[in-house]
Amino acid sequence: MKKGALLTFDAMVAMIATVIMLFVILSSLHDSQRDTQGTEELQHTSFQVMSAASHTGVLVQGLSSATPVKRHLNATIPSRMCSTITLYDNSNATVRNVNKTGCENQTPSKKSVSVRSFRSGGANYYAILEVWYDG
């Protein structure tokens, strides 16, 4: 009788350990999905706002000054998220790189990237917007 009780106890301990391991694995998978969840939609929305009639000049103004682009990033990107936008000319040379305030010198492991082209003064430019969760 004692032998049967020990085997049952061992089986229960093994089942509990298995459930705990599954819980840990599934929760880590959920955390990795959270890293990029929603960032893609935020990027497209941010670029749409910059391209809207009332904000047409944000990217064009960014060619000569970082202030309008930084103001836009600070106003539209939520506080728990970071972003950077890099403006390039048609020869792929960097014109300007602007970070959201507080997001300087960060190298995220996971980020979402969106690209938008625009025209100014007869020349073609493009912007790359990167968005990631802070921390």
Handout entry: Karplus 3J(HN,Hα) series, Hz, for segment 106-123 with 6.51 cos²θ - 1.76 cosθ + 1.60 (x for Gly, Pro)
Key = 9, 10, x, 7, 9, 8, 9, 10, 9, 10, 9, 9, 8, 10, 8, x, x, 10
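Between Ser65 and Gln106, what FRET efficiency follows from the Cβ-Cβ distance if R0 is 25 Å, with the result rounded to 0.05?
Values: r = 23 Å, r/R0 = 0.92.
Once the sixth-power term is evaluated, E becomes 0.65.
Any number yet on Rg/Rh for segment 66-135, C-alpha, Kirkwood?
0.99
Each reported figure results from applying straightforward, stated rules to the coordinates on display, with no laboratory input. All of these numbers come straight from a predicted model, not from anything done at the bench. Neighbour counts are summed over all protein chains in view; Cβ atoms, including those assigned to glycine, are modelled from backbone coordinates with ideal geometry.
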